[in-house]
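Working notes, beginning with the structure itself.
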Amino acid sequence: MTLLALACATGSAAAPTPTWSGRFVARLEALALLQTLNAELLSHDSATLTLEHWCAAHRLAASPRVVAVRDPGMEKQPSPEQRAELGVAPVEPVRYRRVRLLCGTVLLSEADNWYVPSRLTPEMNRLLDTTDIPFGKVVLALHFRRHTLSSKLLWLPLPEGWEMNTAAANDGAADFSLPPTLLEHRAVLCLPDGTPFSEVVETYTNNVLAFPLPQP
């Protein structure tokens, strides 16, 4: 295995961009890791808990606990399409919450969340309005189910058609910086009876791969 050249300073607010070896095998490793994270997110209802497990398994922080940092100044109205996906009338209140999810000081994802307050408990709405607790943890008692609307890799470590191109196996490629964002999910959260109460767009940063791989 090749080594990921890590530059993610745990105590720094402006951590350097993680870099990755340009060798063919290293790019395969990056693709496998991205697909693994993608599969984990798709197969679990709580992205927050999935990120906590990923953070712990890959030692991204001394304390593998994911926290949400709200952006209270952000407002974004739901589109007509989103209202239809949430099953709400044009005049029914829909709240917006934007957060950054961090493991320690490592930014793992940014999430835009539109939710229907009338379908949550008063205590849940209070916590969402006044604390930085991740949405998935606040509504955990609802026993919700997550239905993915779309899942996109925003970066491919290998070019399209690499499996038919012998030049792609060139091990002399230079190291490169990972792009800022690697993966995007759009999903609806539903109550056990199928009633939707939240739509979320999650964008995962390059820090999900900011860890050293073991050497041979």
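With the cut-off at 1.5 for a/c, could you classify the range 58-164 from its C-alpha gyration tensor as rounded, prolate or oblate? Oblate shape, in that a/c is at least 1.5 and b/c is the bigger or equal ratio. With the simple model of a label 7 Å out from the Cα in the direction of the Cβ, Leu28 to Ser43 spans 2.2 nm. So if R0 is 41 Å, what FRET efficiency would Asp71 and Ala174 give, r being the distance between their Cβ atoms, rounded to the nearest 0.05? Using R0 = 41 Å, I get an efficiency of 0.65.
In this calculation the C-beta distance from Leu191 to Tyr96 is compared with R0 = 22 Å, giving a FRET efficiency of 0.65. Per residue, the chain reaches -7000 deg cm²/dmol at 222 nm when only DSSP H runs of four or more residues are counted, each adding -39500 (n - 2.57). Placing a pseudo-label 7 Å from each Cα along the Cα-to-Cβ vector at Ser151 and Thr130 gives an inter-label distance of 3.8 nm.
If r is the Cβ-Cβ distance from Glu81 to Thr121 and R0 is 25 Å, what FRET efficiency results, to the nearest 0.05? Don't skip to the end; give the middle numbers.
Working: r = 27 Å, r/R0 = 1.09.
Calculated value: 0.40.
What residues from the range 184-199 fall in the zone where the backbone N is under 19 Å from a label point 7 Å along the Cα-to-C-beta line of Ala141? Taking a point 7 Å out along Cα→Cβ of Ala141, the residues of the range 184-199 whose backbone N falls under 19 Å are 190-193, 197-198.
Every read-out reported here was derived from the displayed coordinates using simple, explicitly stated rules and does not represent laboratory data. Since we're looking at a predicted model, the values are computed, not measured. We place every Cβ from the backbone using ideal geometry, glycine too, and count neighbours over all the protein chains shown.
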